[in-house]
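Everything below concerns the one structure shown next.
The values are calculated or read from the model by the stated rules, or taken from the named source; none is laboratory data. What you see is a predicted model; the values in this text were computed from it and never measured. Neighbour counts are summed over all protein chains in view; Cβ atoms, including those assigned to glycine, are modelled from backbone coordinates with ideal geometry.
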Amino acid sequence: MASKEMDLMSRKKVTLVYAKRYRRASSKKEKSQILDEFVRLTGYNRCYASWLLRNAGKKIHVKTRSGTRFVLVADPTRKIKRNRAKIYGHDVLVALKKIWTILDYPCSLRLKAMLPKIIPKLEQHGELLLKDSTREKLLHISRSTIDRLLAPERKLITLKPRAKTKPGSLLKRQIPIRTHSQWKDNTPGFIEIDLLSHDGGLARGEFAYTLVLTDIYTQWTELVPVRNRAQVWTFQALQQAIKRFPFPIKGIDSDNDSAFINHHLLRWCRDNGIIFTRSRPYWKNDNCHVEQKNWSVGRRYLGYFRYDTQQALQTMAELEALLGLYVNYFQPSLKLKQKIRNGAKVKKVYEPPKTPYERVLESDLPQDAKQLLKQRYQQLNPAELSRKIVALQNKLYSLATPVKGVKYEI
């Protein structure tokens, strides 16, 4: 460490010596030679070295009105600290952190899109008391400012995914394959489904699952706990989850899990006029919408613990019912609009962030169904939902069955 400090001090001394020679040089050729020598000696970039030699140790003689004379010596290594007044002060940061926490820590793009809608909602329920100036600043704050203000708070959550899919039977030949690019995603009702295991790292014995359903057009997501991956429990959970959607289901797409690829589900879909398709084996991107929700909703709120008791299953049911309200009404998401390919580069263009609730209101759903959704939205308090979710999370984590030799990250 001492040698580095000495090297830095010697560079400063060398710079001052060469700067005097450089400024006294009478011709451009002589200055160029001095600059070449200085760059070889110090290893500096040529442009930076030229700037150093022009300014290091430069003296400016100043005479005041009173007649006093003094000399100012330039120091290029000294940084100028600008004492500008902060526009977004402590009051804005406190309010922004509270909203960010209630919305479960979204990115700046999603948070900015939600601020004009969530602020009146929280003020309506008495969860947020803002001055007019603070409210005005929050409504006009930029994404970069949000990132800067919340940067110290963003280093807390790290999670890892797991999968427990078992191949289905020969019935797959009767169920057509659908890829991720073949959805009719201009209308709600076409959903992807998947099972999320809660084995805690030990796949032996019986443990709970979560059935995740995601609508392609609106991104409306519902979660329902499943006792185990038996077809009867999976089918029962599917019927329960479908009733929660605010629109009729027109198509179901699953992976090749045997919990879905069975005669019972296929017959039920045909009887109800529902299109039943499956993805290609080992092509996760064919179910990209629900796979993304497996992490952003399932793992994020339920964790990686082992849940294999009836009490844990009941707590999961309560938690996942609240998650459906919280995520669908108050969590905006991005949706890919188009891809622009330019040679080997692909530019992705996204639609403005919207909640599933807003996308449903923009769809061709009947007006009476939309009116019911609006009434439900007016009754919901996002801060209260957030508190209940955290309380149920803590309760669920306390009911987890410990697995020997497995360490968890929350």
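Where the second residue is surrounded by 17 or more Cβ atoms within 10 Å (Cβ to Cβ) and among the basic types (Lys, Arg) and the first is within 13 Å of residue 112 (Cα to Cα) and lies in region 129-150, which pairs have Cβ atoms under 6 Å and are six or more apart or on separate chains?
Pairs that qualify, where the first residue is within 13 Å of residue 112 (Cα to Cα) and the partner is surrounded by 17 or more Cβ atoms within 10 Å (Cβ to Cβ) and among the basic types (Lys, Arg), are 143/112.
Collect the residues in region 275-289 that are crowded, with 18+ Cβ neighbours inside 10 Å and within 10 Å of residue 253 (Cα to Cα), keeping them in residue-number order.
276, 277, 278, 279, 286, 287 - these are the residues of region 275-289 that are crowded, with 18+ Cβ neighbours inside 10 Å and within 10 Å of residue 253 (Cα to Cα).
Restricting to region 239-262, give me the number of residues that are under 18 Å from residue 190 (Cβ atoms) and outside any loop (DSSP other than H, G, I, E, B).
7
For region 121-137, which residues satisfy the criterion of being out of contact with any Leu (no Cβ under 8 Å at 6 or more places or on another chain) and under 22 Å from residue 87 (Cα atoms)?
Of everything in region 121-137, those that are out of contact with any Leu (no Cβ under 8 Å at 6 or more places or on another chain) and under 22 Å from residue 87 (Cα atoms) turn out to be 129, 131, 132, 133, 134, 135, 136, 137.
Just checking, does region 263-281 include any residue being among the aliphatic types (A, V, I, L, M), in contact (Cβ under 8 Å) with a residue 24 or more places away in the chain and assigned to a helix (DSSP H, G or I)?
Yes, region 263-281 has at least one match.
Is there a residue being within 26 Å of the chain's Cα centre (by Cα), assigned by TED's automatic domain parsing to the domain that holds residue 322 and surrounded by fewer than 20 Cβ atoms within 10 Å (Cβ to Cβ) anywhere in region 201-208?
The answer is yes, given that some residue of region 201-208 is within 26 Å of the chain's Cα centre (by Cα), assigned by TED's automatic domain parsing to the domain that holds residue 322 and surrounded by fewer than 20 Cβ atoms within 10 Å (Cβ to Cβ).
Can you find a residue in region 334-343 that is in contact (Cβ under 8 Å) with a residue 40 or more places away in the chain and touching a Phe, Trp or Tyr at 6+ places or on another chain (Cβ under 9 Å)?
Yes, region 334-343 contains a residue that is in contact (Cβ under 8 Å) with a residue 40 or more places away in the chain and touching a Phe, Trp or Tyr at 6+ places or on another chain (Cβ under 9 Å).
Can you confirm whether residue 372 is buried (at least 17 other Cβ atoms within 10 Å of the Cβ), under 26 Å from residue 193 (Cβ atoms) and in the same structural domain as residue 249 (by TED's automatic domain parsing)?
no
Among the residues of region 218-228, what is the count of those that are surrounded by fewer than 22 Cβ atoms within 10 Å (Cβ to Cβ) and either in a strand (DSSP E or B) or touching a residue at least 40 places away in the same chain (Cβ under 8 Å) (or both)?
Counting residues in region 218-228 that are surrounded by fewer than 22 Cβ atoms within 10 Å (Cβ to Cβ) and either in a strand (DSSP E or B) or touching a residue at least 40 places away in the same chain (Cβ under 8 Å) (or both) gives 1.
Just to verify a result, which residue in region 310-366, among those that are farther than 20 Å from residue 244 by Cβ and aliphatic (A, V, I, L, M), is modelled with the highest pLDDT?
Within region 310-366, the match that is modelled with the highest pLDDT is 312.
Mind listing whichever residues of region 334-375 are hydrophobic (A, V, I, L, M, F, W, C) and either in a helix (DSSP H, G or I) or over 21 Å from residue 297 (Cα atoms) (or both)?
340, 344, 346, 349, 360, 361, 365, 369, 372, 373
Give the residues of region 342-369 that are within 23 Å of the chain's Cα centre (by Cα), surrounded by 10 or more Cβ atoms within 10 Å (Cβ to Cβ) and either over 21 Å from residue 120 (Cα atoms) or among the aliphatic types (A, V, I, L, M) (or both), sorted by residue number.
Passing the criteria: 348, 350, 351, 360.
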